Structures are given as C-alpha cells and as structure tokens.
Amino acid sequence: MSGAREEDAVTDGTGTTGDARPLVEVRGLTKSFGDLHVLRGIDLTVARGSVTVLIGPSGSGKTTLLRCLNSLEVPESGAVRVDDVEVDMAARPSPALLRRLRATSGMVFQSHQLFPHRTALQNVTEGPLYAQRRPRAQVEAEATALLAKVGLADKAGAYPHELSGGQQQRVGIARALALRPRLLLFDEPTSALDPETVGEVLTVMRDLAAEGWTMVVVTHEIRFAQQVADHVMFLDGGVVVEEGRPGDVLVEPREERTRRFLQRILDPL
Amino acid sequence: MTSDTWDLVLSSIGPLLSGAVRGTIPLTLISFAVGLVLALLVALARLSRRRVVSGLARAYVSVIRGTPLLVQLFIIFYALPSLGIVIDPFPSAVVAFSLNVGGYAAEIIRAAILSVPKGQWEAAATIGLDHTLTLRRVVLPQAVRVAVPPLSNTFISLVKDTSLASTIMVTELLRKAQEIAAPTYEFMTLYSLAAVIYWLICLVLSSAQARLERRLDRFVAR
Ligand SMILES: Nc1ncnc2c1ncn2[C@@H]1O[C@H](COP(=O)(O)OP(=O)(O)OP(=O)(O)O)[C@@H](O)[C@H]1O
Ligand SMILES: [Mg+2]
C-alpha cells in the first residue's frame with residue numbers, strides 16, 4: 001500500500017522531487033530545555049507519500065520533535081534531512097539553512113494559531129504573498145481552491161472568530177498547504193475541538209493522505225491512525241519505544257509501556 | 001454677565017481659536033506623530049536581545065518618566081543655548097513633547113507587543129515570514145488594538161500639556177489668553193474661555209477614540 005503511495009507522490013505535484021530516498025531522515029536527534037532532556041536520540045524515517053503517526057504520553061516529546069522538524073526548536077545534535085535539505089544540528093546550522101529546512105514543511109498547530117485580524121482567505125494567502133512573494137492573482141486563485149478543498153469555499157471572507165473550531169483548523173490546514181510544502185506536520189489537530197467537529201478535520205486529513213501527501217501526525221485518534229497511518233511510533237521519555245505498522249503497534253504492541261498507554265487512551269476509566 | 005464681559009468674550013474668541021488652530025493643534029499633532037515613531041523604535045529597542053540596545057532604551061524611558069515635562073522643556077529652550085544650541089520656541093516645544101511622548105508611548109507599545117501570544121510569532125515563522133514582516137503584518141496590527149486606548153489617553157494629555165509651551169513663548173491657546181487678559185485683568189473670563197476650548201478639543205478626540213476602537217474590534221469576538 002505504501003509502495004503505491006510512493007508512486008503517486010512523485011506525480012501528484014505536491015512538490016516532491018525524483019529523489020528515491022525517503023522524504024525525511026532523522027538520526028540521533030537530541031533536544032534539552034536546561035536540565036530537561038526531552039529528546040534523547042530520535043531516529044525517524046518517513047517514506048514519500050506516507051503517513052506517520054506519533055503517539056505517546058504527555059511530555060514524551062512529540063510536540064518538540066515536530067517543532068524540531070520545522071526549526072521552531074533547534075536541537076543540540078543529530079542530523080535532519082527533508083528531501084534535499086540536510087542539516088547537521090551539532091554544527092551550529094546557519095539561520096539561512098534552518099529557514100530552508102522550515103520551508104520544506106507546513107505546520108498545523110493544536111490551537112490553530114490563525115491570524116485573528118485576517119480573513120480565512122488572507123490567512124491562507126499571507127505566506128505565499130509576503131514570504132514567498134508569488135504573484136497575487138495566482139496565489140488567490142490557489143488559496144480559493146484550497147479553501148474549497150477543505151470545504152470552506154463559502155467562508156473565504158470570514159474572520160477566524162466567526163468560524164467553528166473545526167472550520168478554524170481546516171483553514172489552518174489550507175494555510176499550510178498554500179506554502180506548497182513537501183511535508184505536512186500536524187500537532188494534535190483535533191484535541192482542542194468539540195467532539196462533533198473532530199470528524200470534519202480528520203476527513204480532510206484522510207483525503208490529503210489519499211492524495212499522496214507526506215504527513216507526520218501527532219494524534220491520539222487511534223481509529224484514524226489505524227485507518228490512515230502507514231507507520232506508527234510510540235514515544236516515551238524522549239525515545240522511540242516501539243514503532244511499526246499500525247496493525248502491529250496499535251493492536252498487538254510488543255512493549256509493556258505501549259500496551260499500558262493504549263489501554264489508558266482507549267479506556268480512560 | 002455684564003455686557004462688557006460679553007463683548008470681551010466675543011472679541012477674544014477669534015484670537016483664542018487662532019491660538020488653538022495655529023499653536024495648540026499643530027504642536028499636538030506634530031509632537032504626537034514624531035513621538036509615536038520614536039516610541040515604536042524605543043519599544044523595539046527595549047525588546048531587543050542586545051543588552052546595550054535595550055539598556056539605552058530603558059534609560060531613556062526612565063529619564064523621561066522620572067523628570068517633569070516642564071523641566072524637560074526648560075532644558076531644551078533655556079539651558080541648551082548655554083551649550084551653543086539655540087532652538088526657536090515652537091521647534092523647542094516640538095522636541096520636548098516628542099521626546100516625552102516617545103518615553104511614555106514606548107512602554108505602552110512594548111506592553112502591547114508583549115500581549116500578542118507567542119503562538120502568533122510561531123505561526124508567522126512557520127509560514128516563512130521574517131522578523132520584520134512578522135512585526136509588520138502579524139504582531140503590530142494586533143498590538144494596535146491593545147495600544148489604542150492608552151495611546152489615546154497620552155494624546156489627550158498631550159493636548160493639555162502643550163499649554164506648558166506658553167512658558168517658552170509659544171503662541172498657543174493659553175499664551176493667547178494670557179496676552180489678552182494681562183492688560184484687562186479679565187483672568188476669569190479669558191482662562192475659563194481657554195478651558196472650554198481645551199475641553200471641546202478633548203471631547204472631539206474622545207469620540208474619535210471611541211470610533212477607532214470600535215473599528216479595530218471588528219475582528220475580535222465579543
Ligand atoms: N520551551 C520549553 N521550555 C522548557 N521546557 C519545555 C519547553 N517546551 C517543552 N518543554 C518540556 O518538554 C517536555 C516535552 O514537551 P512536549 O510538548 O514535546 O511533549 P508532548 O509529548 O507534546 O506532550 P503533550 O501530549 O502534553 O502535548 C515537557 O516536559 C515540557 O514541559
Ligand atoms: Mg504536544
């Protein structure tokens with residue numbers, strides 16, 4: 001299945017190149033905040049067009065890992081490669097190189113972080129227009145199409161506070177897509193939402209996966225992981241405790257820690 | 001009111017309004033505009049990671065807020081000439097008031113910038129905006145909403161503070177009132193009239209402030 005996806009990815013126009021290597025390779029990533037060692041040597045490989053789901057208890061470093069991929073945090077050591085951008089974190093990477101790394105991915109935050117003073121359409125066009133300096137007519141046409149794609153064609157002129165949580169999060173996804181990234185990062189995109197709006201966001205994400213987007217998703221939506229993920233990683237204490245296919249990790253975990261975590265998620269009482 | 005007083009009121013209104021229009025109002029507008037630009041620079045300097053830059057900005061704010069405006073005015077107009085720097089009354093007043101607004105408004109702008117959540121800076125970074133664009137397109141527009149009410153207060157205070165310029169011979173509203181009152185001893189009439197004109201200017205500004213705040217609130221849930 002993931003093989004077929006890789007074929008798609010090369011031809012679907014999501015910015016992937018002809019490179020045969022996996023899209024993302026992370027080796028020995030470490031990150032601390034003061035004395036707190038949050039990531040203790042993370043290895044991560046993401047195939048082109050595949051979906052990787054990260055799960056793990058609170059504080060295990062999931063958000064920090066995503067932020068390192070987007071250069072919102074700079075790790076102390078380790079190597080990160082996304083497509084053709086390679087960064088040796090121990091070698092004090094230049095701001096320019098970190099900016100290039102950041103430009104490879106689009107980020108969707110748990111608390112959407114839309115710009116409250118801009119309409120949905122303006123939120124989506126902001127990056128392409130002002131950071132990427134692409135022509136306005138092209139950017140607006142593309143942004144309008146992206147809003148339609150996430151089911152918000154009629155909300156282009158609405159301000160974020162006029163939208164529901166699920167709608168806000170979908171604008172956030174369109175904003176990330178508008179950057180034409182090669183990789184999409186999602187940090188618990190549904191955990192701040194009302195239960196009845198979770199589905200509309202997950203549906204959009206499932207469609208993106210089917211289109212061949214390469215995605216790394218932090219989520220505790222286990223059913224989504226089972227249906228959409230190609231690869232699941234369980235993090236605890238800053239290390240990858242267990243990883244593999246969703247059918248294995250989520251259904252028959254090898255590690256006791258994974259089993260206990262899943263039990264807590266699926267049956268909180 | 002006697003008819004003499006009434007005549008005085010009628011004949012003074014013209015010169016007083018001219019003092020307001022040619023002195024008080026331009027002095028306020030120019031000083032506030034210059035002061036705001038200065039304040040933005042000082043606020044950004046205060047937020048700078050470079051110790052020297054933020055230290056200088058902090059010292060500036062501290063001096064401006066820790067000394068009387070009248071003393072600042074006197075230093076510029078009466079003391080600087082002893083160093084060979086002679087500035088005319090009106091520009092002296094502009095310099096003093098601009099520096100003063102710069103100090104007070106810097107703290108307002110700094111607090112407003114800090115009130116914008118860190119997540120907004122991060123969201124701007126992830127879509128590729130650099131520091132300057134993030135400030136201009138994401139942070140400052142949101143900070144403006146927070147800064148407008150206190151900045152309006154600074155503006156309205158400035159209208160009244162410009163009356164201090166009368167002490168360095170700037171022909172503004174209060175100075176005009178003094179000039180007319182001195183030979184006639186009609187202090188009550190003239191100063192009351194001046195007070196009413198100051199008050200009317202501030203009323204107009206307050207209603208403009210309310211309108212501006214409503215406009216800026218349009219993208220915020222209430
Ligand atoms: N900027 C920071 N400064 C200091 N400590 C931080 C910072 N960011 C994260 N941490 C700490 O690092 C640890 C890992 O945080 P992280 O947000 O990556 O965990 P997480 O797996 O995403 O957890 P959650 O499920 O609660 O979102 C936590 O203990 C957190 O308090
Ligand atoms: Mg997290």
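Since every read-out is calculated from the coordinates, none of them should be taken as a lab result. Small disclaimer: the values here were computed from a predicted structure and weren't measured. All Cβ positions, even for glycine, are placed from backbone atoms using ideal geometry, and neighbour counts span all protein chains on display.
When chain A is described by a simple charge dipole with +1 on each Lys and Arg Cβ and -1 on each Asp and Glu Cβ, the residue from A:LEU262, A:GLN132, A:VAL198 located farthest towards its positive end is A:GLN132. Quick one: helix B:187-216 against the long Cα principal axis of chain B, what's the angle to the nearest 10°, folded into 0 to 90? The two axes meet at around 20 degrees. The dipole here belongs to the protein assembly as shown: it is taken about the Cα centre, uses +1 on the Cβ of Lys and Arg and -1 on the Cβ of Asp and Glu, and is about 1000 debye. Legend: Rg and Dmax of the stretch A:167-236, from Cα coordinates, 11.7, 33 Å.
The mean number of partner chain beta-carbon atoms within 10 angstrom of a residue's beta-carbon across peptide B:114-124 is 4. Alpha-carbon geometry of the stretch A:19-154: the Rg and the Dmax are 17.0, 50 Å, given in that order.
The dipole here belongs to the stretch B:65-222: it is taken about the Cα centre, uses +1 on the Cβ of Lys and Arg and -1 on the Cβ of Asp and Glu, and is about 660 debye.
Compared with the rule-of-thumb size 2.2 N^0.38 Å for a compact globular protein, chain A has a Cα radius of gyration ratio of 0.98. Backbone phi angles across the stretch B:3-15, fed through the Karplus curve with coefficients 6.51, -1.76 and 1.60 (θ = phi - 60°), yield HN-Hα couplings of 5, 4, 4, 4, 4, 4, 4, 4, 7, 8, 4, x, x Hz in residue order; Gly and Pro are listed as x.
The mean number of partner chain beta-carbon atoms within 10 angstrom of a residue's beta-carbon across peptide A:110-117 is 6. My understanding is that a pair violates if its Cα-Cα distance is over 28 Å; which of A:LYS155/B:LYS118; A:LYS31/B:LYS118; A:LYS62/B:LYS118 do that in this structure? Too far apart for the 28 Å limit: no listed pair. Mind grabbing the base-10 log of I(q)/I(0) for the stretch A:131-269 at q = 0.18 Å⁻¹? Debye formula, identical points on the C-alpha positions, no solvent, two decimal places. Cα-only, vacuum Debye calculation for the stretch A:131-269: -1.06.
Can you give the direction-averaged projected area of the convex hull of the alpha-carbon atoms in the stretch A:86-185, in nm²? That works out to 6.9 nm². Ranked by how many other Cβ atoms sit within 10 Å of their own Cβ, fewest first, the residues A:LYS31, A:LYS149 fall in the order A:LYS149, A:LYS31.
Of all the options B:PRO91, B:PRO117, B:PRO26, the one that moves most in a Gaussian network model of chain B with Cα springs shorter than 10 angstrom is B:PRO117. Considering only GluC sites (Glu not before Pro) in DSSP loops that have at most 14 other Cβ atoms within 10 Å, the longest stretch of chain A without any of them is A:77-254.
What you get for the stretch A:196-264, charging only the Cβ of Lys and Arg (+1) and of Asp and Glu (-1), is a dipole of about 240 debye around the Cα centre.
Along its three principal directions, the equivalent ellipsoid of the protein assembly as shown from the Cα gyration tensor extends over semi-axes of 61, 24, 19 Å, largest first.
Ranking B:ALA43, B:PRO26, B:PRO68 by how far each Cα lies toward the positive end of the dipole of the stretch B:1-89 (charges on Cβ) leaves B:ALA43 at the top. Rounded to the nearest Å, what's the spacing between the alpha carbon centres of the stretch A:207-269 and the stretch A:107-146? Just the number, please. About 31 Å separates the Cα centre of the stretch A:207-269 from the one of the stretch A:107-146. The ratio of the alpha-carbon radius of gyration of the stretch B:52-184 to the globular-protein estimate 2.2 N^0.38 Å is 1.39.
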